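Have a look at the structure below before the remarks.
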Amino acid sequence: MSDLFQFVRDLHRRMFGEVWRWAGKFRTSERNLGIAPSQIPVALRQLLDDTRTWMECQTFSVDEIGVRFHHRLVQIHPFPTAMDVTPA
């Protein structure tokens, strides 16, 4: 896994680690929101590569890059939410 993947996982864990025990771990089950779990690494890599290109080439404004990044990240839905996790 690349350093950028690890950064995304670490960021999620730092943001939500005190709230959710699964923070920083990619989703492993199908949900009505997001792509198939097996496709998460590929789609996330594409998103990160696209975002880097947008920034380097100044394809869009910073605000539009943020909106596009968020929109695609929600479509991917890489991390589980409280509704995705079965209580122990």
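The values are calculated or read from the model by the stated rules, or taken from the named source; none is laboratory data. Computed from a prediction, not measured in an experiment: that's the story for all the values here. Quick reminder, even Gly has a Cβ in these numbers, built from the backbone with ideal geometry, and neighbours come from all protein chains shown.
Data table
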quantity: From the options 3, 49, residue that is out of contact with any helix residue (DSSP H, G or I) (no Cβ under 8 Å at 6 or more places or on another chain), within 18 Å of residue 71 (Cβ to Cβ) and exposed (fewer than 15 other Cβ atoms within 10 Å of the Cβ); calculated: 49
quantity: Residue 61 being of a type in the set (Ser, Thr, Tyr) and under 23 Å from residue 82 (Cβ atoms); calculated: no
quantity: Meets criteria (touching a Phe, Trp or Tyr at 6+ places or on another chain (Cβ under 6 Å) and touching a residue at least 12 places away in the same chain (Cβ under 8 Å)) for residue 35; calculated: no
quantity: Of all residues making up region 2-32, the number that are farther than 13 Å from residue 79 by Cα, of a type in the set (S, T, N, Q) and touching a residue at least 24 places away in the same chain (Cβ under 8 Å); calculated: 1
quantity: Number of positions in region 37-88 that are closer than 20 Å to residue 6 by Cα and among the charged types (D, E, K, R); calculated: 5
quantity: Residue match in region 28-36 (condition: closer than 18 Å to residue 3 by Cα and either acidic (Asp, Glu) or at pLDDT 95 or above (or both)); calculated: no
quantity: Of all residues in region 7-46 being aliphatic (A, V, I, L, M) and surrounded by 14 or more Cβ atoms within 10 Å (Cβ to Cβ), the one that is farthest from residue 68 (Cα to Cα); calculated: 23
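Here is a yes/no grid of residues against (1) at positive phi; (2) of a type in the set (D, E, K, R):
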| site | (1), (2) |
| --- | --- |
| 15 | no, no |
| 31 | no, yes |
| 34 | yes, no |
| 40 | no, no |
| 45 | no, yes |
| 57 | no, no |
| 60 | no, no |
| 69 | no, no |
